[in-house]
Amino acid sequence: MKNEYDVIVVGAGPAGSMAARCAAEQGVSVLMLEKDRDVGYPVRCGEAVTKRSVEKFIEPDDKWITAKISKFSFTSPDGNEVVIDFKSVQGYVLERRIFDYELAKNASKAGAEVVTRAYVNGLIRENGKTCGVKVEYRGEQKIIRSKIVIGADGTESRVGRWAGLKTHIDFRDMECCFQVTAANVSVNQDTLYFYFGKDVAPGGYFWVFPKGSDIANVGLGIDGMEGKKRSALSYLNSNLDRLYPQASILTQVAGGVPCSVTLEQISGEGIMLAGDAARQVNPLSGGGIASGMMGGSIAGRIAGEAIRKNNLKHIYSYDKEWHNERGKTHEIFNRLKEGIYGFTDNDFNKIMRKIKEVAPEKRTMNKLFMIALVNKPSLLIDVAKVIID
Ligand SMILES: Cc1cc2nc3c(=O)[nH]c(=O)nc-3n(C[C@H](O)[C@H](O)[C@H](O)COP(=O)(O)OP(=O)(O)OC[C@H]3O[C@@H](n4cnc5c(N)ncnc54)[C@H](O)[C@@H]3O)c2cc1C
């Protein structure tokens, strides 16, 4: 590690690695710091992504794909199941431990220096401007200067707050998640399963994502306010007892997913935020891998351009570019989320019965949303704006 870089990225998740790679591709010096011993571990994720969103950034490789998804299954509170068959591969369940490694490797290949077990515990701030980080590395406290710091330090991000950005998120919007990777769970390897209902996952959903023969990620997210009354773990245990009493738990993780619109400001003097730290998660699905990669890639490229052009004000264009690329759509998804998560069990049951009346070959995600939101015309306009396929 040198004492100075053009760009320092804090956190080596998908957002951080993409930021480091895209900044390095601009020919500037980049350091990415990760507090954990391993990039990509521990994994706190259901690991499902859409194919097209990751393919923009990395060539698919079977070494980090554990299941190829062509069907979605939705189950209502009264146990009615509807399957949407896309007829072709639409998504993957990843092995994030390998996927995240690969992203970090690509950042390194592009020229970024990657250092693990490097815990950033503060920023260097001069005259209201961020100009580096304080880092604890191998028992030593170091100061490393940079022109730009990109905070990609995940849900519990502190970098943004240290830099004076407003990072507060309403408790309601922080989905409380608990997930296990379980053996003895036999499900179709081409299907993602979603279950809804107030006793199943209030203000969220329960998921089963296949991860190879007899193994699946089984988890749920519930509304933050609901989580205060009864824990996500307690809901998960009752779903597991009901559906997979024979499951053996191999790993378990808990975490929060910020299901809100993006922070009002994601850049400032010498600072940019990306991924969960910037609240770039898709608020409807809770998916943050691909959108974090998108946010990181834009942040990294703009940081690199700012240095090359010797115009640090250029980093302020990040807010607008993100907004146009994904932020605007996330605002619409957030409104849809508010509508859908307000459904009663009866609403879900009725919707599922209606969808069952549609011939299987005519079922699409658009049709599903059209039926679900038929009594909420203003949200139907939102669906039309984003075309969910
Ligand atoms: C239970 C659960 C299930 C989920 N399922 C899915 C899913 O199926 N699909 C999907 O798309 N998304 C899912 N998500 C969300 C997804 O995991 C995140 O949105 C995604 O990981 C965000 O990437 P990121 O790079 O912003 O942050 P992270 O992946 O969290 O990476 C942040 C990194 O920063 C490091 N770091 C933090 N602080 C410091 C510091 N001070 N110094 C140095 N390093 C630091 C961390 O160790 C970490 O490696 C799920 C989340 C949870 C909790």
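Every read-out reported here was derived from the displayed coordinates using simple, explicitly stated rules and does not represent laboratory data. Values in this document were obtained by computation on a predicted structure and should not be read as measured data. Heads up, the Cβs are rebuilt from the backbone with ideal geometry, glycines too, and the neighbour counts pull from every protein chain shown.
Just tell me which lysines come within less than 24 Å, Cα to Cα, of LYS320; anything on the same chain fewer than 8 places away is out.
Of all the lysines, those that pass the test against LYS320 - Cα under 24 Å, at least 8 places apart if same chain - are LYS56, LYS129, LYS147, LYS166, LYS309, LYS328, LYS337, LYS385.
Can you compute the FRET efficiency between ASN324 and LYS166 using 1/(1 + (r/R0)^6), with r the Cβ-Cβ distance and R0 = 25 Å? Round to the nearest 0.05.
The pair ASN324/LYS166 has a calculated efficiency of 0.70.
Once fully extended, how much extra length lies between LEU250 and LYS63, figured as 0.36 nm per residue of separation less the alpha-carbon to alpha-carbon distance? Write out the running numbers ahead of the final one.
Working: separation 187, 0.36 × 187 = 67.32 nm, distance 2.04 nm.
So the extension gain works out to 65.3 nm.
Tilt of helix 345-356 relative to the longest C-alpha principal axis of the chain, in degrees (0 to 90, nearest 10)?
80
What is the set of long-range amide H partners of ARG125 at a cut-off below 5 Å, with H atoms built 1.01 Å from backbone N?
CYS131
For segment 290-305, in order, what is each residue's ³J(HN,Hα) by Karplus, 6.51 cos²θ - 1.76 cosθ + 1.60 with θ = phi - 60°, in whole Hz (x at glycine and Pro)?
So the J values, rounded to whole Hz, are 5, 5, x, 5, 5, x, x, 5, 5, 4, x, 4, 5, 4, x, 4.
Quick one: if you stick a label point 7 Å off each Cα along the C-beta vector at ASN366 and SER378, how many nm between them?
2.4
What does the charge count near LYS134 come to, summing +1 for each Lys or Arg and -1 for each Asp or Glu among other residues with Cβ under 15 Å from its Cβ?
Values: positive: LYS35, ARG125, ARG138, LYS142, ARG145, ARG158, ARG161; negative: GLU4, GLU126, GLU136, GLU140, ASP153.
Net of charged neighbours comes to +2.
So if R0 is 45 Å, what FRET efficiency would LYS134 and LYS356 give, r being the distance between their Cβ atoms, rounded to the nearest 0.05?
0.20
Relative to the longest principal axis of the chain, what angle (0 to 90°, nearest 10) does the C-alpha long axis of helix 328-341 take?
The angle comes out at about 40 degrees.
Sort ILE215, ILE169, ILE143, ILE307 so that the residue with the fewest other Cβ atoms within 10 Å of its own Cβ comes first and the one with the most comes last.
So the ranking, lowest neighbour count to highest, is ILE143, ILE169, ILE215, ILE307.
Where both residues lie in the chain, what percent of DSSP beta bridges are antiparallel, nearest 5?
In the chain, approximately 70 percent of DSSP beta bridges are antiparallel ones.
Can you give me the C-alpha center-to-center distance between segment 342-359 and segment 109-169, rounded to a whole angstrom?
The distance from the Cα centre of segment 342-359 to that of segment 109-169 comes to 47 Å.
Which residues make up the longest stretch of the chain that has no GluC sites (Glu not before Pro) in a DSSP loop with at most 13 other Cβ atoms within 10 Å?
The reported range is 1-155.
Taking H as built 1.01 Å from N, whose amide H comes closer than 5 Å to the amide H of SER248, not counting residues under 5 places away?
Those lying under 5 Å, H to H, from SER248 are ALA183, ASN184.
Of VAL374, VAL115, VAL185, which has the largest mean-square fluctuation in a 10 Å C-alpha GNM of the chain?
The residue with the greatest mean-square fluctuation here is VAL374.
Tilt of helix 96-109 relative to the longest C-alpha principal axis of the chain, in degrees (0 to 90, nearest 10)?
30
FRET efficiency for ILE143 and ASN346, Cβ-Cβ distance as r, R0 = 51 Å, nearest 0.05?
With R0 = 51 Å, the Cβ-Cβ based efficiency is 0.30.
For Cα pairs less than 8 Å apart in space and 6+ apart in sequence, what is the mean separation divided by the residue count of the chain, i.e. the relative contact order in percent?
Details: 903 pairs, mean separation 81.8, N = 389.
Dividing the mean separation by the residue count of the chain yields 21 percent.
Under 5 Å between amide H atoms, partner at least 5 residues away or on a different chain: which partners does ILE65 have, H built in plane at 1.01 Å?
GLU95
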